[in-house]
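The values are calculated or read from the model by the stated rules, or taken from the named source; none is laboratory data. The model shown is predicted, which means the values in this text are computed figures rather than measured ones. All Cβ positions, even for glycine, are placed from backbone atoms using ideal geometry, and neighbour counts span all protein chains on display.
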Amino acid sequence: MRFAIISDTHDNVPAIRELIKRLKEERVEFVVHAGDIVAPFAMKEFRELGVKVFFAFGNNDGERKLLTKIAEENGWEIGDVITFPLDEGKGVVYHGTDTRMVDVLRNSKYKLLVLGHTHEPLIEKLEDKFVVNPGEVCGYLTGNRTYSIFDDWDISIVEF
């Protein structure tokens with residue numbers, strides 16, 4: 001199983017377009033987005049991928065009703081906490097704004113917890129599970145544009 005993990009696109013359409021170009025080359029089965037898409041026009045860019053996207057709402061996603069409509073029209077999933085399939089168990093994506101919720105998810109049955117919000121890349125192994133923050137696609141806070149690739153439990157951070 002091979003999929004991409006992204007977060008914090010923050011309406012940076014040139015970065016989103018470059019990301020989509022790279023993800024097409026990566027040949028991913030689906031994409032997990034850990035929030036802060038921000039505006040509907042940015043979400044629409046993901047139609048070019050041609051794969052399912054699992055979106056978690058972030059703290060900057062204000063137009064939730066329209067984002068939900070676009071997601072539903074494209075067969076994508078969206079919400080505050082979204083699960084996605086893994087070969088062994090399930091994964092879960094949550095933006096990460098409430099540390100109490102992060103603690104609950106860290107101690108849950110999920111094998112992969114995907115977070116965003118901090119814009120800082122992280123791959124953390126916790127016994128039989130992983131916590132991943134792919135960093136930021138937009139590059140606004142750190143100056144780096146990053147995403148993560150999950151390839152049969154080999155998880156990497158990619159800078160672009």
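If I filter segment 95-104 down to residues being over 12 Å from the mean Cα position of the chain (by Cα) and not hydroxyl-bearing (S, T, Y), which single residue comes out as surrounded by the fewest Cβ atoms within 10 Å (Cβ to Cβ)?
First, the residues of segment 95-104 that are over 12 Å from the mean Cα position of the chain (by Cα): 97-104.
With the extra rule that they be not hydroxyl-bearing (S, T, Y), the set shrinks to 98, 100-104.
Values: D98: 13, R100: 7, M101: 15, V102: 17, D103: 10, V104: 12.
So the residue we want is R100.
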Odd one out for S7, checked against (1) without any contact (Cβ under 8 Å) to a residue 60 or more places away in the chain; (2) at negative phi; (3) of a type in the set (G, A, S): (1)
Counted residues, segment 30-52 - those being farther than 21 Å from K65 by Cβ and touching a Pro at 6+ places or on another chain (Cβ under 9 Å): 2
Since L126 meets every condition but one in (1) surrounded by fewer than 18 Cβ atoms within 10 Å (Cβ to Cβ); (2) hydrophobic (A, V, I, L, M, F, W, C); (3) modelled with pLDDT of 95 or more, which condition does it not meet? (3)
Exactly one of T83, T99 is at pLDDT 95 or above and hydroxyl-bearing (S, T, Y), and that one is T83
Members of segment 105-122 that are surrounded by fewer than 15 Cβ atoms within 10 Å (Cβ to Cβ) and either among the small types (G, A, S) or at positive phi (or both): S108
Any residue at all in segment 20-30 that is touching a helix residue (DSSP H, G or I) at 6+ places or on another chain (Cβ under 7 Å) and exposed (fewer than 13 other Cβ atoms within 10 Å of the Cβ)? no
Given the residues V38, V92, which is the only one that is over 22 Å from C138 (Cβ atoms), crowded, with 18+ Cβ neighbours inside 10 Å and touching a Ser or Thr at 6+ places or on another chain (Cβ under 9 Å)? V92
Suppose we keep only residues that are free of Cβ contacts under 8 Å to residues at least 24 places away in the same chain and not basic (K, R) within segment 54-77. Which one would you say is surrounded by the most Cβ atoms within 10 Å (Cβ to Cβ)? T68
Determine which single condition R17 fails, assuming it passes every other condition in (1) over 15 Å from H95 (Cβ atoms); (2) in contact with a strand residue (DSSP E or B) (Cβ under 7 Å, 6 or more places away or on another chain). (2)
